[in-house]
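Okay, so here's the structure we're looking at.
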Amino acid sequence: MRITPIEIQQQQFKTRMFGYDTAAVDQFLELLADELERLLSHNNELKEKLARANSSLEQLRERETALQQTLLAAQLVTEELKENARKEAEIMMAEAHIEGERIIRSAEDKRLMLLDELQDLRRQKISFENGLRSLVGSHLKLLEMDQVLLEEKKERQSQLLGSVSEDEISESIKLP
């Protein structure tokens, strides 16, 4: 059973003859009531402090939970960003590799095309040289034939000179 300071103060005792000194009992009860009131007040203050501390502790726990969740979310986002960056880098490397192969293939195709053009030019050169040789050869033959004809003409003229007069020689020279 709980006793409050007011109950102690209002407590009345029966008096008897040769009993307790009522003034001393009242004074003691007054002291007891004051002390109990102080203890109850102190107890209430401690309960309030405990309630505030528990409330603060609960808020701190909530903050800690929120921070842990935030940290976990940040770690997950970081990991996801790292993974995405790695995948993007792999894609870029693959695209660069493909582009490099395309450039190499294009350069090889161009090299082959230039080799074909070079061979065509060599064939054209050989054909031109053969044609030129043939033309020069035919001109040489014509010149040789002209030379032969001239020599034959001179020979005829020399033979004719013996039988022809000077007037006839001058006329024959004028003729082609």
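The values are calculated or read from the model by the stated rules, or taken from the named source; none is laboratory data. Quantities reported herein were computed from a predicted structural model and do not represent experimental measurements. So basically every Cβ, Gly included, is an ideal-geometry build from the backbone, and we count neighbours across all protein chains shown. Accessible surface is based on the protein model in full, side chains and every heavy atom, while ligands, DNA and RNA are left aside. Shrake-Rupley method; radii C 1.70, N 1.55, O 1.52, S 1.80 Å.
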Problem - Failed criterion for P176 (all others in (1) in a helix (DSSP H, G or I); (2) modelled with pLDDT under 95 hold) - result: (1)
Practice task
Could you please let me know if A51 is surrounded by fewer than 10 Cβ atoms within 10 Å (Cβ to Cβ) and without any contact (Cβ under 8 Å) to a residue 60 or more places away in the chain?
Solution key: no
Fill in the blank from the handout: Taking the stretch 1-33 and keeping residues acidic (D, E) and assigned to a helix (DSSP H, G or I) leaves E7, D26, E30
Exercise for the section: Check L72, L57 and return the single one that is out of contact with any strand residue (DSSP E or B) (no Cβ under 9 Å at 6 or more places or on another chain), open to solvent by 90 Å² or more (accessible area, probe 1.4 Å) and assigned to a helix (DSSP H, G or I). Expected result: L72
Practice task
State which residue pairs qualify: first residue at pLDDT below 85 and inside the stretch 139-164, second residue open to solvent by 90 Å² or more (accessible area, probe 1.4 Å) in any location, beta carbons under 9 Å apart, and separation of 6 or more residues or different chains.
Solution key: Q157/I173; L160/E168; L161/E168
